[in-house]
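K.L.:
Please see the structure below; I have some questions.
Please treat every number below as a calculation from the coordinates, not as lab data. Predicted model, so just to flag it, every value in this text is computed and none were measured. Because the Cβ atoms are built from the backbone with ideal geometry, glycine has one as well, and the counts that use them run over all protein chains shown.
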Amino acid sequence: MFNIDSSEFLLVALVALVVIGPKDLPKAMRVVGYWVGRARAVGRQFRAGFDEMVREAELEEMEKKWKAENERIMREHPMIPPPPSEPASGDHTPSDASLAPSHDHAQEEHPPVMVEQPRVVPGGPHETPPADSKAPS
């Protein structure tokens with residue numbers, strides 16, 4: 001990006017060491033790193049905003065093209081309503097063959113279904129039945 005050679009970088013590091021001094025050099029590098037990070041973040045945010053604007057402009061352009069193409073198609077192929085469907089000869093009733101079921105259920109045999117009846121308890125449905133006198137021992 002900046003096209004800095006290794007020899008140029010070494011020269012900058014030596015000048016910084018002499019000017020700032022070995023004691024304050026780590027602190028200066030942290031400050032420089034912080035500001036470089038902030039500059040990169042601002043650059044990323046700017047780039048993301050710019051990309052979003054480009055995407056929105058492209059989307060609007062595509063929507064205009066789609067709308068124009070849709071209008072052209074609708075002009076070329078107008079929608080014609082279907083004719084009303086009326087019987088040709090008076091009242092039309094379906095024939096017996098069309099009413100016949102496709103499967104004869106009367107021929108099938110089903111086993112009887114056994115349903116357990118609820119136990120009737122004297123005193124109403126909310127009372128519990130008396131305990132059996134035969135308790136297991």
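K.L.:
If you place +1 on the Cβ of every Lys and Arg, -1 on the Cβ of every Asp and Glu, and leave all else neutral, what size is the dipole of region 6-76 about its Cα centre, to the nearest 20 Debye? Let's see the in-between values first.
P.N.:
Numbers: 13 positive and 12 negative charges, 111 e Å.
Using only the charged Cβ atoms, the result is roughly 540 debye.
K.L.:
With a sphere of radius 13 Å drawn around the Cβ of ASN70, what net charge do the other residues whose Cβ falls strictly inside it have (Lys, Arg +1; Asp, Glu -1)?
P.N.:
Values: positive: LYS64, LYS65, LYS67, ARG72, ARG75; negative: GLU63, GLU69, GLU71, GLU76.
Net charge around ASN70: +1.
K.L.:
Just grab the label-to-label distance for SER85 and ASP51, each label 7 Å out from Cα along the Cβ direction, in nm (one decimal).
P.N.:
The two pseudo-label positions are separated by 5.4 nm.
K.L.:
At 7 Å along the Cα-to-beta-carbon direction for both GLU58 and GLU76, put a label point, then send me their distance in nm to one decimal.
P.N.:
It is 2.7 nm.
K.L.:
Can you give the FRET efficiency for GLU8 and ALA41, using 1/(1 + (r/R0)^6), R0 = 30 Å, r = Cβ-Cβ distance, to the nearest 0.05? If you can, show how the numbers build up before the last one.
P.N.:
Numbers: r = 26 Å, r/R0 = 0.88.
Step by step, r from the Cβ atoms, then E = 0.70.
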